[in-house]
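Here is the structure we will look at, set down as structure tokens.
The values are calculated or read from the model by the stated rules, or taken from the named source; none is laboratory data. These numbers were taken from a predicted model, which means no experiment stands behind them. FYI the Cβ positions are ideal-geometry reconstructions off the backbone, even for glycines, and counts take in every protein chain you see.
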Amino acid sequence: MTAESGVAVTGDIAPTIRTVPFPRRLAVAGLVLGAAGNTAEAIIGQLIGDRPDTVAERMQMAAEKTAVIGTMMTIGTVAVPFMAIGFLAAAHLLRRRARRTATVAAVLLLAGMWGFVGVHVLELLNLAALNAPDPVAIGTFLDSLESDPWLLALFGVPFMAGAVLGMLTLTIGMLVTGAVPRWIPTTWLAFIVLDFSIGAVGPVNPHWLYLVGAVGLAVHIARRGNRAWANA
């Protein structure tokens, strides 16, 4: 108690106030569900095969595999918000060691997830075009949107630049600072390099690395408890 204020001051009563983006359990769920959904989408897409170049061929594939493609795109679209939560959770852990780096990574990854949603919406519209009176004409129109400069600026650029640069910033920041066990960002770094370079090779898909890293980070957050999460 100080003589001037008459208020007792105890060092361990007033912890450092930090910004917690969301509850710890939501962070854990976001990491696991987001990565699992995105990985499932990638694996199903790998089983379906490469996307045809022409509109007619894509429409034919969609007509033959409507249920599978619809399931894949639905899973992938639902996974995106959870992916965003997972990336924000990772940035939150990095924030204590490297505040500016974490902020840059979070902004880039949110932009990437925004673009990713746009990509999924366009694919879902292509699938819905099968029920249109003139599906080929609608499909041709939707296909032309993929090269529209405004849509590229709105969704394409944020996805490609935000996802890649955001994950690179996040993983390198974690590796340098040791904010989490270093095998986790190493796994994610390997994923982003492989996914945006050579992609899937035979039965092996880089998204498994993303899933393993996300589950590892979720376990790390879960084991440390609420207090460690709040003070991260």
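Taking the conditions (1) outside any helix (DSSP H, G or I); (2) at pLDDT 85 or above in turn, D50 satisfies each one other than (2).
All of (1) of a type in the set (V, I, T); (2) touching an Asp or Glu at 6+ places or on another chain (Cβ under 9 Å); (3) modelled with pLDDT under 75 hold for I69 with one exception: (3).
Taking the conditions exactly as written (modelled with pLDDT of 90 or more, surrounded by fewer than 20 Cβ atoms within 10 Å (Cβ to Cβ) and either basic (K, R) or more than 19 Å from the chain's Cα centre (by Cα) (or both)), does R227 satisfy them or not? So R227 does not fit the description; no.
A quick yes/no check of all residues on (1) out of contact with any strand residue (DSSP E or B) (no Cβ under 6 Å at 6 or more places or on another chain); (2) assigned to a helix (DSSP H, G or I); (3) farther than 16 Å from A42 by Cβ:
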position	(1), (2), (3)
L168	yes, yes, yes
P181	yes, no, yes
I192	yes, yes, no
G199	yes, no, no
V212	yes, yes, no
G216	yes, yes, yes
R224	yes, yes, yes
A228	yes, yes, yes
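Quick one: in segment 89-104, of everything that is among the aliphatic types (A, V, I, L, M) and crowded, with 21+ Cβ neighbours inside 10 Å, which residue is farthest from T177 (Cα to Cα)? Spell out how you get there, then give the answer.
Kept after step one, since they are among the aliphatic types (A, V, I, L, M), are these residues of segment 89-104: 89-91, 93-94, 98, 102, 104.
Next, only the ones that are crowded, with 21+ Cβ neighbours inside 10 Å stay: 89-91, 93-94, 102.
Working: A89: 16, A90: 13, A91: 12, L93: 11, L94: 8, A102: 11 Å.
My answer is A89.
Take the conditions (1) touching a residue at least 40 places away in the same chain (Cβ under 8 Å); (2) out of contact with any Asp or Glu (no Cβ under 6 Å at 6 or more places or on another chain); G76 misses just one of them, which is (2).
Annotation: of all residues in segment 114-139 being surrounded by 15 or more Cβ atoms within 10 Å (Cβ to Cβ) and β-branched (V, I, T), the one that is modelled with the lowest pLDDT is I138. Restricted to segment 165-218, and to residues there that are among the hydroxyl-bearing types (S, T, Y) and either surrounded by fewer than 17 Cβ atoms within 10 Å (Cβ to Cβ) or more than 17 Å from the chain's Cα centre (by Cα) (or both), the residue that is modelled with the lowest pLDDT is S197.
Residues of segment 76-92 being closer than 19 Å to A218 by Cβ and out of contact with any Leu (no Cβ under 8 Å at 6 or more places or on another chain), which ones? Outline the logic, then answer.
To start, the set of residues in segment 76-92 that are closer than 19 Å to A218 by Cβ comprises 78-92.
Correct list: V78, V80, P81, M83, H92.
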